[in-house]
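A.B. asks: Let me begin by handing over the structure; questions about it come next.
The values are calculated or read from the model by the stated rules, or taken from the named source; none is laboratory data. These numbers come from a predicted model, not from an experiment. Cβ coordinates were reconstructed from backbone atoms using ideal geometry, including for glycine residues, and neighbour counts include every protein chain displayed.
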């Protein structure tokens, strides 16, 4: 749960701190939460494949958002098209 909360904070462009994790999780000791997150970061940095997996998930999420935006633009363009 701590790691997922940290990832959520990063996705929102919020700095991951013990207090931010505590707020996200609704409880917990900030120093323990921060230590767990720091350990995770060190482990992830030591494993390049984990970073590639995170990159793949982020890219997939971004592409999904982009597809939705393109569909909305197409729908808007169709509404604005002059009817002959």
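A.B. asks: Within the set of pairs 6 or more residues apart or between chains, which connect a residue that is free of Cβ contacts under 8 Å to residues at least 24 places away in the same chain and on the phi > 0 side of the Ramachandran plot inside the range 62-76 to a residue that is part of a helix (DSSP H, G or I) and surrounded by 10 or more Cβ atoms within 10 Å (Cβ to Cβ) with Cβ atoms less than 6 Å apart?
C.D. replies: none
A.B. asks: Another question, then. Within the range 49-62, is even one residue surrounded by fewer than 12 Cβ atoms within 10 Å (Cβ to Cβ) and either modelled with pLDDT of 95 or more or not in a helix (DSSP H, G or I) (or both)?
C.D. replies: The answer is no, given that none of the residues of the range 49-62 is surrounded by fewer than 12 Cβ atoms within 10 Å (Cβ to Cβ) and either modelled with pLDDT of 95 or more or not in a helix (DSSP H, G or I) (or both).
A.B. asks: Continuing with the same structure: Looking at the range 33-48, which of the residues that are surrounded by fewer than 12 Cβ atoms within 10 Å (Cβ to Cβ) and at pLDDT 80 or above is farthest from residue 19 (Cα to Cα)?
C.D. replies: Keep residues of the range 33-48 that are surrounded by fewer than 12 Cβ atoms within 10 Å (Cβ to Cβ), which gives 42-43, 45-48.
Applying the additional criterion that residues be at pLDDT 80 or above yields 42-43.
Values: 42: 20, 43: 21 Å.
Filtering the range 33-48 for residues that are surrounded by fewer than 12 Cβ atoms within 10 Å (Cβ to Cβ) and at pLDDT 80 or above, the one farthest from residue 19 (Cα to Cα) comes out as 43.
A.B. asks: Filter the range 1-34 for residues that are part of a loop (DSSP other than H, G, I, E, B) and either touching a strand residue (DSSP E or B) at 6+ places or on another chain (Cβ under 8 Å) or touching a residue at least 12 places away in the same chain (Cβ under 8 Å) (or both); which is farthest from residue 55 (Cα to Cα)? Steps first, answer last, please.
C.D. replies: Residues of the range 1-34 that are part of a loop (DSSP other than H, G, I, E, B), as a first pass: 1, 12-17, 26-29.
Now narrow it down to the ones that are either touching a strand residue (DSSP E or B) at 6+ places or on another chain (Cβ under 8 Å) or touching a residue at least 12 places away in the same chain (Cβ under 8 Å) (or both): 1, 16-17, 28.
Details: 1: 20, 16: 18, 17: 22, 28: 29 Å.
Looking at the filtered set, the residue picked out is 28.
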